[in-house]
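Every number in this text was worked out from the coordinates using simple rules, so none of it is lab data. All values derive from a computational prediction rather than experimental measurement. Here the Cβ positions follow ideal geometry from the backbone for every residue, glycine too, while neighbour counts run over all protein chains shown.
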Amino acid sequence: MTIERIGGARTGTGGQHLPFCQATVANGFVFVSGQVATTPDGTVYRGDFDREVTLTLDNVEAVLTAGGASVGDVVKVGAWLSEAERFGRFNELYAERFGTHRPARTTVVVGFGHPDVRVEVDAIAYLPQGAGA
């Protein structure tokens, strides 16, 4: 089995070096590391909650694409929120992104090490037949 790693050493917010990659592709699956809302320059976005969720899901989708998958290929999602009262709105925005495709999901409320992060999402996608490592 071949393992492909997506994303270079500068995968963190602000382009910092982190000890993991954005995703791995192995045995017909794409495993996306936790993504947060970052702007194109790598800065953590802090502001409107809806925009934060949208940017986070955009980042997940971009990594899926880099691994040869799409949102429609996702079989499992993990979501972390810093505020339980935002669970309902997160669900609405999540449903807009995933549409009728409903992967399995776990959502928990946690405290983040970065003061501007309120949402983190990871994903596992099954690659279309014949794609991937």
Efficiency of FRET from Cβ geometry, residue 104 and residue 50, R₀ 25 Å, rounded to 0.05: 0.55
Most exposed first, judged by fewest Cβ atoms within 10 angstrom, 64, 93 run 93, 64
What does the charge dipole of the chain about its Cα centre add up to, to the nearest 20 debye, if the Cβ of each Lys and Arg holds +1 and the Cβ of each Asp and Glu holds -1? 260
Among 69, 1, 55, the residue whose Cα sits farthest towards the positive end of the charge dipole of the chain, when +1 is placed on the Cβ of each Lys and Arg and -1 on the Cβ of each Asp and Glu, is 1
Computed FRET value (nearest 0.05) for residue 43 with residue 89, which takes r as the C-beta separation and R₀ as 22 Å: 0.40
Helix-only CD estimate at 222 nm, as mean residue ellipticity for the chain, using -39500 (n - 2.57) per DSSP H run (n ≥ 4): -7500 deg cm²/dmol
With semi-axes √(5λ) of the Cα gyration tensor in Å in mind, check [x] 29, 17, 12; [y] 23, 19, 12; [z] 34, 21, 13 and report the label derived from this structure. [y]
Residues 56, 38, sorted so that the one with the fewest Cβ neighbours within 10 Å comes first: 38, 56
